[in-house]
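S.K.: Input: one structure, supplied below.
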Amino acid sequence: MAERPEDLNLPNAVITRIIKEALPDGVNVSKEARRAISQAASVFVLYATSCANNFAMKAKRKTLNAGDVMSAMEEMEFERFLKPLGEALEAYKKGQKGKKEASEQKRKDKEKNGTDENDKSRDEEEDEHMDDEQEGEKGEEEDVEN
């Protein structure tokens with residue numbers, strides 16, 4: 001766990017970015033207000049994590065999953081956030097699936113290109129070997145003629 005309470009706070013840069021995205025242009029937020037929002041967000045995250053952990057423990061698991069978080073949100077009486085949270089989770093899963101598929105395709109392409117390059121270099125080596133043999137045969141023919 002954290003040694004000091006400040007260690008549990010979310011990074012100020014993250015909080016500032018979230019605040020800027022949530023408010024219309026031209027609205028300023030004091031340093032004191034940002035600090036209060038940061039502390040409130042940290043408390044919320046800790047509380048949500050604790051509630052989600054209770055659901056995981058009831059299920060005799062040590063790993064929290066998305067279902068635990070959704071159940072915790074409901075228990076904390078944040079039902080109105082369940083739909084947007086579920087949509088965000090689905091979008092995240094689709095993004096991860098897309099990344100995984102892209103990575104697999106890249107790996108397959110790399111393997112295929114690696115195989116093609118190996119075939120090309122093997123063909124080039126065989127061509128060079130054939131050229132060497134043909135030159136050697138020509139040299140032998142010249143020796144026989146002389």
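The values are calculated or read from the model by the stated rules, or taken from the named source; none is laboratory data. If you're wondering where the values come from, they're calculated on a predicted model, not measured in any experiment. In this analysis, Cβ positions are derived from the backbone assuming ideal geometry, glycine residues included, and neighbour counts consider all displayed protein chains. Protein only, heavy atoms only, side chains kept; ligands, DNA and RNA dropped before computing areas. Shrake-Rupley method; radii C 1.70, N 1.55, O 1.52, S 1.80 Å.
S.K.: Tell me which of these LYS99 doesn't satisfy, since it passes every other one: (1) open to solvent by 100 Å² or more (accessible area, probe 1.4 Å); (2) in contact with a helix residue (DSSP H, G or I) (Cβ under 8 Å, 6 or more places away or on another chain).
M.R.: Single failed check for LYS99: (2).
S.K.: When segment 1-55 is examined, which residues are found to be in contact with a Ser or Thr (Cβ under 7 Å, 6 or more places away or on another chain), open to solvent by 70 Å² or more (accessible area, probe 1.4 Å) and at pLDDT 90 or above?
M.R.: Correct list: ARG34 only.
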